[in-house]
């Protein structure tokens with residue numbers, strides 16, 4: 001049994017993830033994601049990492065013009081992690097970024113991915129959760145749907161409350177299933193039909209219907225009972241957290257519903273557990289000093305850049321950050337443009353690390369300096385781990 005800070009990304013990373021390629025159609029990628037229950041999929045081309053596609057974004061594009069929409073329009077850049085980062089740092093990355101999958105890259109090639117499922121698979125023996133009950137971290141303010149509710153009403157309930165699933169009740173108020181936002185998203189894809197000229201055309205968004213030959217034509221006619229999952233993952237009463245995690249693992253589920261006399265009382269998700277792990281992060285308070293800049297707009301831009309970057313990979317490595325000094329020298333190199341020299345000095349539990357870079361663009365110089373500091377800290381951290 002190990003502490004969450006002792007479990008590293010190297011131990012839980014998935015180095016053989018299912019991927020999509022840029023030469024696939026959006027429909028093909030959608031099928032792959034649905035068949036493998038993937039909410040995010042990495043995209044590669046000639047072994048080079050191109051980005052990632054989330055299921056929600058995919059549906060947004062595919063419902064309108066999938067035949068002409070290029071894969072690159074749907075791509076986003078997921079957060080990156082390093083193999084030395086621990087489970088607490090990964091939890092912080094998940095919560096702070098809002099992304100459900102992050103990647104490790106080397107020379108623009110995909111080394112591996114970590115998603116919520118990789119984290120879930122490795123939670124059983126984490127010390128910090130052994131004495132916890134589902135009662136400690138589950139959500140109690142539940143929204144629910146009835147089997148006879150229209151899907152359109154349910155969709156608005158989810159959107160208005162920013163939630164991804166709803167327990168489904170029968171007429172007596174007992175749990176009979178669960179409906180996920182993904183189930184609703186699938187209905188938004190227009191069904192193709194054959195036009196009079198023999199070519200296929202799609203219904204307009206307000207004419208969306210169910211596939212599979214369902215006699216109901218429109219999205220607004222569909223009830224929750226027609227799309228719900230009738231095998232929800234649930235526990236009868238609160239249990240210890242390890243039992244709940246094992247239940248989720250066995251059912252390959254992202255959540256477990258806690259019932260009381262068959263009525264849903266609470267809901268526990270992977271994200272709830274991950275959020276709990278973030279409380280074990282050490283303080284990341286750091287004093288930042290910037291000198292050499294006179295223009296208020298330059299100072300504001302650098303401050304914003306530092307806030308963003310310090311929350312990233314560099315900030316997650318630091319157990320005891322103390323001070324970051326940024327000194328900027330601005331010189332006129334060609335009579336018209338300014339050349340920026342940035343001297344960065346970081347004081348932390350890894351000692352004093354410095355970086356000195358020059359760029360024509362101020363923010364590019366800041367980026368390069370922080371990347372340099374990040375590389376040095378990573379190398380020191382790796383050497384310490386090798387010697388332990």
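If we scan the stretch 81-98, do we find a residue that is over 22 Å from residue 3 (Cα atoms) and modelled with pLDDT of 90 or more? No, because not a single residue in the stretch 81-98 is over 22 Å from residue 3 (Cα atoms) and modelled with pLDDT of 90 or more.
Scanning the stretch 158-170 for residues that are under 14 Å from residue 223 (Cα atoms) and exposed (fewer than 15 other Cβ atoms within 10 Å of the Cβ) turns up just one, 170. Need at least 2 residues that are within 30 Å of residue 281 (Cα to Cα) and at pLDDT 90 or above per element, so show me which helices (runs of 4 or more DSSP H) inside the stretch 104-192 make the cut, counting only ones lying wholly within it. Passing ranges, in order: 116-121, 134-137.
Residues in the stretch 345-361 that are out of contact with any helix residue (DSSP H, G or I) (no Cβ under 6 Å at 6 or more places or on another chain) and either at pLDDT 85 or above or within 26 Å of residue 331 (Cα to Cα) (or both): 345, 354, 356, 358, 360, 361. Filter the stretch 82-104 for residues that are closer than 28 Å to residue 61 by Cα and in contact (Cβ under 8 Å) with a residue 60 or more places away in the chain; which is surrounded by the most Cβ atoms within 10 Å (Cβ to Cβ)? By that ranking, first place goes to 94. Within the stretch 288-306, being loosely packed, with under 15 Cβ neighbours inside 10 Å and in contact with a helix residue (DSSP H, G or I) (Cβ under 8 Å, 6 or more places away or on another chain) holds for one residue alone: 288.
In the set (1) under 15 Å from residue 302 (Cβ atoms); (2) under 29 Å from the mean Cα position of the chain (by Cα); (3) crowded, with 16+ Cβ neighbours inside 10 Å, the condition left unmet by residue 363 is number (3). Of the helices (runs of 4 or more DSSP H) contained entirely in the stretch 1-74, those carrying at least 3 residues that are free of Cβ contacts under 8 Å to residues at least 60 places away in the same chain fall at 26-35, 55-62. Scanning the stretch 226-248 for residues that are modelled with pLDDT of 95 or more and assigned to a helix (DSSP H, G or I) yields 241, 242, 243, 244, 245, 246, 247, 248.
The values are calculated or read from the model by the stated rules, or taken from the named source; none is laboratory data. Computed from a prediction, not measured in an experiment: that's the story for all the values here. Backbone-built Cβ (ideal geometry, glycine too); neighbour counts: all protein chains shown.
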